[in-house]
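The next block holds one structure in the form of structure tokens; read it before the comments.
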Amino acid sequence: MGETRHTRVLIIGSGPAGYTAGVYASRAMLAPILVQGIQPGGQLTITTEVENWPGDTEVQGPDLMVRMEAHARAMGTEIISDHISALDLSQRPFTATGDGGTTYTADAVILATGAQAKWLGLPSEERFKGFGVSACATCDGFFYRGKEVVVIGGGNTAVEEALFLTNFASKVTVIHRRDSFRAERILQDRLFKNPKIEVIWNHTVEEILGDDAPLGVTGVRIRDTLTAAERTVPCAGFFVAIGHAPASELVKDQLELHAGGYVKVTPGSTATSIPGVFAAGDLTDHVYRQAVTSAGMGCMAALDAERWLATAG
């Protein structure tokens, strides 16, 4: 039998939302426990240069998360390397089960498990992640000023990413496996009117091509779904825009969700459909998905939890 640990506030997840929640919950003297999960630091640990974090002209994603973790620890957050595999929100105290055998009980829970981009699953995609392959144009588009890039996808995300990338890239090629987009008509109209964008219909990406020294993307090999003919499209950046998957498996049958699995919160708050359970960051945000907005929501969640505990006991 593993041990049982009790805390006033249990924070699940260790990206900007989780660590910021730890800082604020610690300042409120709530002695929070933060369980990091299988990817400590979250999505920023697979990002290289970050140029949109206030106060840092440029910072490496992993370095920023190391600093955030150290800050939370310094304020008094107990950070545990474990992964929560089960969570019972049916009664208080709430109960979480860790893979390491520890049971965590908590008066309040802050969910900050994040979301992950959906990927194509190609070995070459994995090889160039962070070195020409990205799932966030807002994060990385700036690095492709005057260069040619490719976007894969056919929904709102793909069209929005392509339009955004025209602010930097000399040419944006959108590759879609079908012969029409699923995106909203107004977005499609903007895309078709943009002289920087070319659309290649009825094609799938077979391989991302690139160099080793330095590591970087040079093009993509694509296949026609109708004729099976293959060709190469040159590019310096490859953006995967086939959607995001919020990490809501723990709570999908317990909390109210929306928009493809994101946890629903009360507008202007981080409160979920269960009192005492709060959600922050990419787990609940399908609009902005930025480190700075996640951190802001982590702050909100800790303050919301503090106020709720003061009245609920």
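One residue stands out among those in the stretch 1-22 that are surrounded by fewer than 24 Cβ atoms within 10 Å (Cβ to Cβ) and in contact with a Phe, Trp or Tyr (Cβ under 8 Å, 6 or more places away or on another chain): the one that is farthest from residue 295 (Cα to Cα), which is 4. Here 291, 279 are screened, and the one residue that is assigned by TED's automatic domain parsing to the domain that holds residue 12 and either of a type in the set (D, E, K, R) or at pLDDT below 95 (or both) is 291. The number of residues in the stretch 126-136 that are in contact with a Ser or Thr (Cβ under 9 Å, 6 or more places away or on another chain) and either on the phi < 0 side of the Ramachandran plot or of a type in the set (Asp, Glu) (or both) comes to 4.
Mind checking whether some residue in the stretch 25-48 is without any contact (Cβ under 8 Å) to a residue 40 or more places away in the chain and either in a helix (DSSP H, G or I) or touching a His at 6+ places or on another chain (Cβ under 7 Å) (or both)? Within the stretch 25-48 (the criterion being without any contact (Cβ under 8 Å) to a residue 40 or more places away in the chain and either in a helix (DSSP H, G or I) or touching a His at 6+ places or on another chain (Cβ under 7 Å) (or both)), the answer is yes, since at least one residue qualifies. Hey, does the stretch 170-179 have a residue that's in contact with a Leu (Cβ under 8 Å, 6 or more places away or on another chain), of a type in the set (A, V, I, L, M, F, W, C) and surrounded by 17 or more Cβ atoms within 10 Å (Cβ to Cβ)? Yes, that holds for at least one residue.
Taking (1) in contact with a strand residue (DSSP E or B) (Cβ under 8 Å, 6 or more places away or on another chain); (2) without any contact (Cβ under 8 Å) to a residue 24 or more places away in the chain; (3) in a helix (DSSP H, G or I) in turn, residue 97 satisfies each apart from (3). Given the conditions (1) farther than 20 Å from residue 117 by Cα; (2) within 21 Å of the chain's Cα centre (by Cα); (3) surrounded by 15 or more Cβ atoms within 10 Å (Cβ to Cβ), which single one is not true for residue 289? Only one criterion is unmet by residue 289, namely (1). Note on the stretch 121-136: among residues that are modelled with pLDDT of 95 or more and among the small types (Gly, Ala, Ser), the one that is nearest to the chain's Cα centre (by Cα) is 132. When the stretch 13-38 is filtered for residues that are at pLDDT below 95 and charged (D, E, K, R), nothing remains.
Whenever a residue of the stretch 118-135 is touching a residue at least 60 places away in the same chain (Cβ under 8 Å) and more than 19 Å from residue 245 (Cβ to Cβ), its partners that are acidic (Asp, Glu) and in a strand (DSSP E or B), lying with C-beta atoms within less than 8 angstrom and at least six residues away or across chains, give the pairs 124/207. Scanning the stretch 121-143 for residues that are assigned to a strand (DSSP E or B) and not β-branched (Val, Ile, Thr), we see that the one that is surrounded by the fewest Cβ atoms within 10 Å (Cβ to Cβ) is 129.
In summary, strands (runs of 3 or more DSSP E) completely within the stretch 199-273 and bearing 3 or more residues that are at pLDDT 95 or above occur at 203-212, 215-224, 230-234, 237-240. Applying the condition of being small (Gly, Ala, Ser) and closer than 17 Å to residue 13 by Cα to the stretch 101-120 and asking which residue is farthest from the chain's Cα centre (by Cα) yields 106. Filtering 102, 77 for residues that are surrounded by fewer than 18 Cβ atoms within 10 Å (Cβ to Cβ), β-branched (Val, Ile, Thr), touching a residue at least 24 places away in the same chain (Cβ under 8 Å) and in contact with a strand residue (DSSP E or B) (Cβ under 9 Å, 6 or more places away or on another chain) leaves a single hit, 102. The set of residues from the stretch 100-120 being within 20 Å of residue 253 (Cβ to Cβ), at pLDDT below 95 and not in a strand (DSSP E or B) comprises just one member, 114.
Here's the yes/no breakdown for (1) surrounded by fewer than 16 Cβ atoms within 10 Å (Cβ to Cβ); (2) within 25 Å of the chain's Cα centre (by Cα):
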| residue | (1), (2) |
| --- | --- |
| 204 | yes, yes |
| 217 | no, yes |
| 227 | yes, no |
| 263 | no, yes |
| 270 | no, yes |
| 280 | no, yes |
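Go through the residues of the stretch 284-303 one by one and say whether even a single one is over 19 Å from residue 45 (Cα atoms) and among the aromatic types (Phe, Trp, Tyr). No: the stretch 284-303 contains no residue that is over 19 Å from residue 45 (Cα atoms) and among the aromatic types (Phe, Trp, Tyr).
The values are calculated or read from the model by the stated rules, or taken from the named source; none is laboratory data. Worth saying up front: this structure is predicted, and the values here are computed from it rather than measured. Reconstructed Cβ throughout: ideal geometry from the backbone, glycine too, with neighbour counts over all protein chains shown.
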